[in-house]
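What follows is one structure encoded as structure tokens, with my remarks underneath.
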């Protein structure tokens with residue numbers, strides 16, 4: 001299992017998730033393709049495990065890490081920092097997040113709902129009023145993998161543009 005994960009991580013980092021096949025991963029790990037399927041069920045299953053490892057690291061940062069992303073900073077500062085960090089994460093993990101986002105069981109359950117809940121909590125802590133679930137959903141939409149990818153590749157926007165837009169919307173929702 002570890003050999004397959006290490007090989008997959010290396011290949012995804014070098015070539016991008018969309019370019020990596022199960023044959024590539026098995027060969028790089030020095031195992032048969034059947035081993036990959038026995039351990040992970042499918043290519044998607046392996047990719048979800050890779051994504052899960054990185055998601056957990058990011059969750060640790062925004063739940064327990066240092067400010068401004070983690071506790072100890074004012075809620076609006078944390079919300080802004082969260083948006084910037086998540087945009088970078090989404091850009092780096094676009095292909096994996098896009099695949100996961102197409103599966104309703106994944107899109108509307110953990111870990112994705114943790115992000116929604118975190119945004120909602122920060123909005124509430126910042127004193128935002130109104131329908132916080134809808135406001136959190138609106139902010140979450142700005143971090144959607146396919147939306148971000150489209151903005152970067154088709155609209156010629158930059159991560160800075162998208163981060164500035166996130167910050168503007170977050171500040172408006174928080175009344176500043």
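Below, the figures for the structure above:
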| item | result |
| --- | --- |
| Test result for residue 54, surrounded by fewer than 20 Cβ atoms within 10 Å (Cβ to Cβ) and over 28 Å from residue 167 (Cβ atoms) | no |
| Residue tally, condition touching a residue at least 40 places away in the same chain (Cβ under 8 Å) and farther than 25 Å from residue 175 by Cβ, over the range 64-100 | 11 |
| Total residues in the range 134-176, condition surrounded by fewer than 16 Cβ atoms within 10 Å (Cβ to Cβ), within 19 Å of residue 88 (Cβ to Cβ) and without any contact (Cβ under 8 Å) to a residue 24 or more places away in the chain | 13 |
| Residue 59 modelled with pLDDT under 90 and assigned to a helix (DSSP H, G or I) | no |
| Whichever residue in the range 26-46 is without any contact (Cβ under 8 Å) to a residue 24 or more places away in the chain and under 23 Å from the mean Cα position of the chain (by Cα) and, among such residues, is nearest to residue 100 (Cα to Cα) | 45 |
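The values are calculated or read from the model by the stated rules, or taken from the named source; none is laboratory data. Note that the structure is predicted; figures quoted are calculated from it, not measured. Quick reminder, even Gly has a Cβ in these numbers, built from the backbone with ideal geometry, and neighbours come from all protein chains shown.
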